[in-house]
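Enquirer: Below are the structure tokens for one structure; questions will follow.
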Amino acid sequence: MSDLLRRGDSALRMAQDAIKNYNFDDMFVNDICMLLEQAFERYLKGYLELNGHKYPKVHEIDVLLETIKKYGLSVPNIDVLLENSGLYNKWAVGIRYGGDYHISLTKVNEAVNYCTQLKEYVHTAETEVAYTKEQIEWCRENAPKSITNLPDDQLWEIMSSTYYKLKSLT
């Protein structure tokens, strides 16, 4: 599994756990929103990466969604996510650097639902994305010698996160 997807899972899980302990404190809700934005961002970047595309190094959900559309891809609720992207973008930067937004719990719960659907979609896509011959060749050239003789699917399972991490740097 890609590091981006693992980190998206972590951010979403922390937000969901925090909501269960909601204490009606605006700052607490703001922090939940920041986690949700991070989950959205990581899932969208991971989805682009899974489909062989570099993702823009931005923290704007709308830019990531437009990039997905540019490549002829889609994700669930893309139009609703685009509509709400201005709000989600504020959750990334505005809240982190001192903005105090009064966010309704309804909006937060909607975002959790959209993010959960996105997570499920991206994880399903991850299992459906086949590795290419070039990717397996790269793995065989760059893997520790002790695993280079593994079957392709096992080798890819072990090396894919390293592959994607290095590809995102180039």
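What follows draws every value from the coordinates through simple rules; no lab data is involved. None of these values were measured; they are calculated from a predicted model. Because the Cβ atoms are built from the backbone with ideal geometry, glycine has one as well, and the counts that use them run over all protein chains shown.
Enquirer: Do any trypsin sites (Lys or Arg not before Pro) in the stretch 15-86 lie in a DSSP loop with no more than 11 other beta carbon atoms within 10 Å, and if so, which?
Expert: Values: sites: LYS20, ARG42, LYS45, LYS54, LYS57, LYS69, LYS70; in loops: LYS54, LYS57.
Passing both the DSSP loop test and the Cβ count: LYS57.
Enquirer: Still on this structure: For every other residue with a beta carbon closer than 13 angstrom to the beta carbon of VAL112, add +1 if it is Lys or Arg and -1 if Asp or Glu, then tell me the sum.
Expert: Numbers: positive: ARG13, LYS20, LYS107, LYS119; negative: ASP17, GLU37, GLU110, GLU120.
Spelling it out: positives minus negatives among the neighbours equals 0.
Enquirer: For the stretch 114-155 and the stretch 2-36, write down the distance between their C-alpha centroids in whole Å.
Expert: That distance is 28 Å.
Enquirer: Residue separation times 0.36 nm, minus the C-alpha to C-alpha distance between THR148 and GLN16: what's the value? Can you show the working numbers first?
Expert: Details: separation 132, 0.36 × 132 = 47.52 nm, distance 3.96 nm.
Extending this stretch completely gives an extra 43.6 nm.
Enquirer: Given an 8 Å cut-off on Cα distances and at least 6 residues of separation, report the relative contact order of the stretch 1-99 as a percent.
Expert: Numbers: 85 pairs, mean separation 29.7, N = 99.
About 30 percent, as a whole number.
Enquirer: Nearest 20 debye, what's the magnitude of the dipole of the chain about its Cα centre given +1 on Lys and Arg Cβ and -1 on Asp and Glu Cβ? Don't skip to the answer; put the middle values down first.
Expert: Working: 19 positive and 25 negative charges, 82 e Å.
Result for the chain is approximately 400 debye, rounded to the nearest 20.
Enquirer: Can you tally the net charge around CYS139? Count Lys and Arg as +1, Asp and Glu as -1, for every other residue whose Cβ sits under 15 Å from the Cβ of CYS139. Before the final figure, lay out each step's value.
Expert: On the way: positive: LYS133, ARG140, LYS145, LYS165, LYS167; negative: GLU134, GLU137, GLU141, ASP152, ASP153, GLU157.
Value of the local net charge: -1.
Enquirer: Could you list the chymotrypsin sites (Phe, Trp or Tyr not before Pro) in the stretch 1-105 that lie in coil according to DSSP, counting only those with at most 16 other Cβ atoms within 10 Å of their Cβ? Let's see the in-between values first.
Expert: Numbers: sites: TYR22, PHE24, PHE28, PHE40, TYR43, TYR47, TYR71, TYR88, TRP91, TYR97, TYR101; in loops: TYR22, PHE24, TYR71, TYR97, TYR101.
Passing sites in the stretch 1-105 are TYR22, PHE24, TYR71, TYR97, TYR101.
Enquirer: Projecting each Cα onto the charge dipole of the chain (Lys/Arg +1, Asp/Glu -1 at the beta carbon, about the Cα centre), which of ILE61, TYR163, ASN109 comes out farthest on the positive side?
Expert: TYR163
Enquirer: Sticking with the crude label model, points 7 Å out along Cα→Cβ, report the distance from VAL93 to THR116 in nm, one decimal please.
Expert: Calculated label separation equals 3.1 nm.
Enquirer: Count the net charge of all other residues whose Cβ sits under 13 Å from the Cβ of LYS54, scoring Lys and Arg as +1 and Asp and Glu as -1. Walk me through the numbers before you get to the answer.
Expert: Details: positive: LYS45, LYS57, LYS70, LYS165, LYS167; negative: GLU49.
Neighbour charge sum, excluding LYS54 itself: +4.
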